[in-house]
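Reviewing the structure listed below.
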Amino acid sequence: MKYRSTSGTVPEVSLEEAVVKGLAPDRGLYMPERIPELPKEFFDRIPSMSLPEIASEVAYALFGEDVDAGRLNELTQDAMNFPIPLVKVKDNVYSLELFHGPTLAFKDVGARFMARLLGYFNRDNTDRMVNVLVATSGDTGSAVANGFLGVEGVRVFVLYPKGKVSPIQEVQFTTLGQNIEALEIDGTFDDCQALVKRAFLDDELNGKMMLTSANSINVARFLPQMFYYFYAWAQLADLGVDMDEVVMCVPSGNFGNITAGLIAKRMGLPIKRFIAANNANDIFYRYLQSGEYNPRPSVQTIANAMDVGDPSNFARVLNLYGNDHDAITAEIGGCTYSDEQIAETVKDALETTGYQLDPHGAVAYRALEEYLKPGETGVFLETAHPAKFKDTVEGITGKEIEIPERLAAFMRGKKQTVALPADFDAFKSYLLSR
Ligand SMILES: *Cc1c(COP(=O)(O)O)cnc(C)c1O
């Protein structure tokens, strides 16, 4: 399978090149050249299949031409080693809990898969170390660091702004050791990002080290997210709901998660429609209303992993629907909620159903409350564990949230960081010394 750029001005590339490069040279995003359809027989079988089994078959349909079947099966199973249960919240509304992985957020799925695929492509180069550079304001760093932890032939440098990351987030990438190095930069998140961007453009560095990024535009991070749409479907089928009336609602920021769902639908998953749930960063919502896409600087909200003013995967959504606004609005609805509305939803849901939402899941839950039609069954993606936003959530509900053991374990770990100034020459000579 080849991968083409959404901008379409450069030649198609192999899966390996798309994964190693991340972004196409024309600044477009890579898309599979065609989307394989899964046979009806697969959908008949999935209700009795486990998550790793479903993931392996879907992965084979997408990547089977490019990765040895046995190894693909192995790395997919290894990536999908935590449960993703579908939990009933109330009549017709289910939560797909994506937060049972190592860093308690859905990004674990893509990060774990990408790490293993990159390790596979690098398998014959025992003397070639792949260096992953990632700048983080919190969550991406932890998912990427934990996803790549212990993967041979790959080393990860996480750059984060000193004193500007919450302690719960910081421990998730500074206590790991092994092939993970946390670089504490005396500056802002923007400084970290600027250092990473400049490193990718530096000829001397790139001549001496193999550098790659692990951000969410990478096909190996975004495509595996479709595994759990199929698995949600399998779990619903067991419950005897009307399978022609299933609505998936996705709390969206960069739109990688929902785009994976849209592609799952193209592969044959009969989802009736999608809802892209936004916080106050409502660029996509406005696009649905007006047909005009006007990116804006992001505003800060309590669902901060969705604070995105120019969603990077919008290009993929447009591409999937041939830039046809009517086709997009026929399959995807939208909504936007203020912090007050999100907080109200967290509180109400807890009081009326006993279910503890996190602020991101709450945006999607509220959309189902407002837009689910009679006869439909709604599934919202619960993208993070509420304990990751402990202070915010406790402030809303007044009830204490228990910290899961795997989060508590990080908090007992020993912090190991390298302190660096926000200066490119210092960063570069540090990398070259490694
Ligand atoms: C990253 C993130 C999102 C947004 O996902 P996109 O794929 O960028 O749309 C939503 N919720 C949480 C908790 C996240 O970490």
Members of the range 314-333 found to be in contact (Cβ under 8 Å) with a residue 60 or more places away in the chain, more than 15 Å from the ligand (Cβ to nearest atom) and among the small types (Gly, Ala, Ser), listed by number: 333
So which of 352, 383, 336 is in contact (Cβ under 8 Å) with a residue 24 or more places away in the chain and touching a His at 6+ places or on another chain (Cβ under 9 Å)? 383
Criterion first (within 22 Å of residue 5 (Cβ to Cβ) and in contact with a Ser or Thr (Cβ under 9 Å, 6 or more places away or on another chain)) does residue 206 satisfy it? no
Tell me, yes or no, whether the range 118-129 has at least one residue that is more than 25 Å from residue 59 (Cα to Cα) and either at pLDDT 95 or above or within 13 Å of the ligand (Cβ to nearest atom) (or both). no
Being open to solvent by 30 Å² or more (accessible area, probe 1.4 Å) and away from the ligand (no atom under 11 Å from the Cβ) is the filter; apply it to the range 298-313 and report the residue that is nearest to residue 361 (Cα to Cα). 302
Go through the range 34-80 and give me each residue that's small (Gly, Ala, Ser), farther than 26 Å from residue 5 by Cβ and open to solvent by 20 Å² or more (accessible area, probe 1.4 Å). 48, 50, 69, 70
Filtering the range 219-259 down to residues that are touching a strand residue (DSSP E or B) at 6+ places or on another chain (Cβ under 6 Å), away from the ligand (no atom under 14 Å from the Cβ) and in a helix (DSSP H, G or I), which residue is most open to solvent (accessible area, probe 1.4 Å)? 235
One residue from 211, 149, 176 being surrounded by 18 or more Cβ atoms within 10 Å (Cβ to Cβ), over 15 Å from residue 102 (Cβ atoms) and touching a residue at least 12 places away in the same chain (Cβ under 8 Å): 211
Across the range 386-434, what is the number of residues that are within 14 Å of residue 171 (Cβ to Cβ) and in contact (Cβ under 8 Å) with a residue 60 or more places away in the chain? 13
Can you confirm whether the range 349-359 contains a residue that is within 16 Å of the ligand (Cβ to nearest atom), buried (at least 19 other Cβ atoms within 10 Å of the Cβ) and assigned to a helix (DSSP H, G or I)? yes
Can you tell me which residue in the range 72-117 is farthest from residue 359 (Cα to Cα), limited to those that are within 16 Å of the ligand (Cβ to nearest atom) and of a type in the set (A, V, I, L, M)? 114
If I filter the range 376-410 down to residues being open to solvent by less than 20 Å² (accessible area, probe 1.4 Å) and more than 16 Å from the ligand (Cβ to nearest atom), which single residue comes out as nearest to residue 107 (Cα to Cα)? 378
Of the criteria (1) buried (at least 23 other Cβ atoms within 10 Å of the Cβ); (2) closer than 23 Å to residue 81 by Cα, which one residue 102 fails: (1)
Out of (1) of a type outside the set (Lys, Arg); (2) part of a loop (DSSP other than H, G, I, E, B); (3) over 23 Å from the mean Cα position of the chain (by Cα), the one residue 403 does not meet is (3)
If you take the residues in the range 266-297 that are among the charged types (D, E, K, R) and over 17 Å from residue 254 (Cβ atoms), which one is surrounded by the fewest Cβ atoms within 10 Å (Cβ to Cβ)? 292
Given the structure, is residue 326 assigned to a helix (DSSP H, G or I), under 30 Å from residue 40 (Cα atoms) and acidic (Asp, Glu)? yes
So residue 141 passes all but one of these: (1) open to solvent by 10 Å² or more (accessible area, probe 1.4 Å); (2) in a helix (DSSP H, G or I). Which condition number does it fail? (1)
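The values are calculated or read from the model by the stated rules, or taken from the named source; none is laboratory data. Computed from a predicted structure; not experimentally measured. Cβ sites come from the backbone with ideal geometry, for glycine too, and all protein chains shown count toward neighbours. Just so you know, the surface numbers come from the protein's heavy atoms only, side chains and all, with ligands and any DNA or RNA stripped out. Shrake-Rupley method; radii C 1.70, N 1.55, O 1.52, S 1.80 Å.
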